[in-house]
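Below: the structure, in structure tokens.
Bear in mind these aren't lab numbers, they're just calculated from the coordinates by the rules spelled out. What you are looking at is a predicted structure, and each value in this text was computed from that prediction instead of being measured. Every residue, glycine among them, receives a Cβ derived from its backbone with ideal geometry; neighbour counts consider all protein chains shown.
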Amino acid sequence: MRDDLTCRSCGEPGLTSFLDLGSTPLSDALVPGDTPAGADETFPLEVAFCRNCSLVQITEEVPPSKLFVDNYLYFSSFSDHLLRHSRENALAHIERQGLGPESFVVEVASNDGYLLKNFVEAGVPVLGIDPAPTQAEAAEANGVPTLTEFFGIDLARRIAAERGKADVIIANNVMAHVPDLNGFVAGYAELLKDTGVVTVENPYVRDLIDHGAFDTIYHEHFCYFSCSAVNALARRNGLFLNHVEYVPDLHGGTLRWHLGKRDEPSETVRSYLREEQDKGMLDIGYYKDFATRVHGIRDGLLDLLRGLKAQGNTIAAYGAAAKGSTLVNFMGIGTDLVDFVVDRNVHKQGLLMPGVHIPIVGPEALLERKPDYTLLLAWNFKDEILAQQDEYRRAGGQFIVPVPEPQVVA
Ligand code: DWN
């Protein structure tokens, strides 16, 4: 751990590392079937805490252009649950802010238009921003105009000058993905109308720690947010945290933060800030035993998988997810234990998981090949996937949910 590191948010020195996941491949860097073992580029994956502003963050900085442009394979529309959540979110914005033909909604990291398409259907002018060309093309096909660029204060100024300021800026699962955090949030303030609102969704660091969700740590996620850290970040860049919503069944526990140019906090803000203080989330002590717990999850899951294998069982996995890559690489789970991974995302099928090179095929393989057990790497969609795979389960297939502790689900 380098001791010259400064916090990505407040710039203060003295980050304290509390978990080292080793040197791992990029979690979305799936590779072709003929890639030799050991050919994957790896980077240190270590997590630290800032005692000044409470931001949890990784210490390595992989350039976003390496992470999110060529061959970025994440498409939001492969989850029915996420599509439902996004539609509800859009309709709530339209109603709450009385949006109509004169309004302007911008989404940063708009992916394949999965969310903005709901505003388009309601006749609300939108603009998507996403640097990944394939996803942007899919968005345009969804009727969502999209700029294939990275968001920041320069692009914010250009949009404001060319198209006007926004009533709503939506930034779901992206604020954790930017190295220049302050420039990114300053861009919100630059583009937002004085009466506008920014809503930011990210997994909640409290649930990451409490639920042992170490696998949601990967190089795409530079930061892991608490309300205290978001509050400090917003105020530093001309915005105020005014409301907090909790979405328990999204990505293992997600918060939606509402930011604005006026300091009008609802009771939810005071409540979350107080709870985080009371839980000790503003001190390194809250994070100190996490590594020990993560090693316990690793040992328990490896013992389970190795035991099942030794008894002659066959094992597959479900979800070539970024979190799945962190888990299998941190644990060294390869084709010695898991024969294949199934995934609905057709862009991932035919490729290999990063690092461990487990082959990825379509979900139909579960019924065709009937593995005795399936490790649920996409555990955040447990309900959706277990319901979807009812026939496989009725045929005797059992799922293994890896966190917060390895559990077999018949
Ligand atoms: O921040 C991010 C999080 C929110 O999403 C992104 N940087 C990357 C991505 O992380 P992830 O890859 O872990 O996300 P998911 O959406 O949890 O991955 C689920 C995987 O499972 C996808 O590859 C799609 C697949 N899937 C499937 O095959 N069948 C998903 C569902 C719901 C299904 O029914």
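The table that follows gives values for the structure above.
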{"read-out": "Hull volume in cubic angstrom per residue (convex hull over the Cα atoms of the range 289-347)", "value": "80 Å³"}
{"read-out": "Under Karplus coefficients 6.51, -1.76 and 1.60, residue-wise ³J(HN,Hα) of the range 350-360 in Hz, glycine/proline x", "value": "x, 9, 10, 4, x, x, 7, 6, 7, x, 10"}
{"read-out": "In nm, spacing of pseudo-spin labels at Thr6 and Ser65 (7 Å Cα→C-beta vector)", "value": "2.4 nm"}
{"read-out": "Spacing of the two label points (7 Å from each Cα toward its C-beta) at Ala92 and Arg394, in nm", "value": "3.5 nm"}
{"read-out": "Derived scalar couplings ³J(HN,Hα) [the range 370-384; Karplus, 6.51 cos²θ - 1.76 cosθ + 1.60; whole Hz; x for Gly, Pro]", "value": "6, x, 5, 9, 10, 6, 7, 6, 9, 5, 5, 10, 3, 4, 5"}
{"read-out": "Spatial extent of the range 46-135: Rg and Dmax, with the Cα atoms as the point set, Å", "value": "16.7, 46"}
{"read-out": "Most to least packed among 239-248, 154-163 [average Cβ atoms within 10 Å]", "value": "239-248, 154-163"}
{"read-out": "Where no second cysteine Cβ lies under 4.7 Å, the cysteines concerned in the chain", "value": "Cys223, Cys227"}
{"read-out": "Backbone HN-Hα couplings from phi across the range 114-119 [Karplus 6.51/-1.76/1.60, Hz, Gly and Pro as x]", "value": "4, 9, 5, 4, 5, 6"}
{"read-out": "Net length gained if the chain between His81 and Thr42 were fully extended (0.36 nm per residue, minus Cα distance)", "value": "10.8 nm"}
{"read-out": "Estimated [θ] at 222 nm from DSSP helical runs (n ≥ 4, -39500 (n - 2.57)) normalised by residues in the chain, nearest 500", "value": "-10000 deg cm²/dmol"}
{"read-out": "For the chain, the fraction of alpha-carbon pairs in successive 20 Å shells from zero, as %", "value": "27, 58, 15, 0"}
{"read-out": "Relative contact order (%) - the chain, alpha-carbon pairs under 8 angstrom, separation at least six", "value": "16 percent"}
{"read-out": "Neighbourhood charge, 14 Å Cβ-Cβ cut-off, centred on Asn142 and excluding it, Lys, Arg +1 and Asp, Glu -1", "value": "-4"}
{"read-out": "Alpha carbon convex hull of the range 1-96, volume per residue in cubic angstrom", "value": "173 Å³"}
{"read-out": "Under 5 Å, built H, 5+ apart or other chain: amide partners of Ile400", "value": "Thr374, Leu375, Leu376, Val409"}
{"read-out": "Alpha-carbon centroid distance for the pair the range 242-267 / the range 298-327, whole angstrom", "value": "35 Å"}
{"read-out": "FRET E, pair Arg157, Tyr246, Förster distance 51 Å, beta-carbon r, rounded to 0.05", "value": "0.95"}
{"read-out": "DSSP bridge pairs, the chain: antiparallel proportion in percent, nearest 5", "value": "55 percent"}
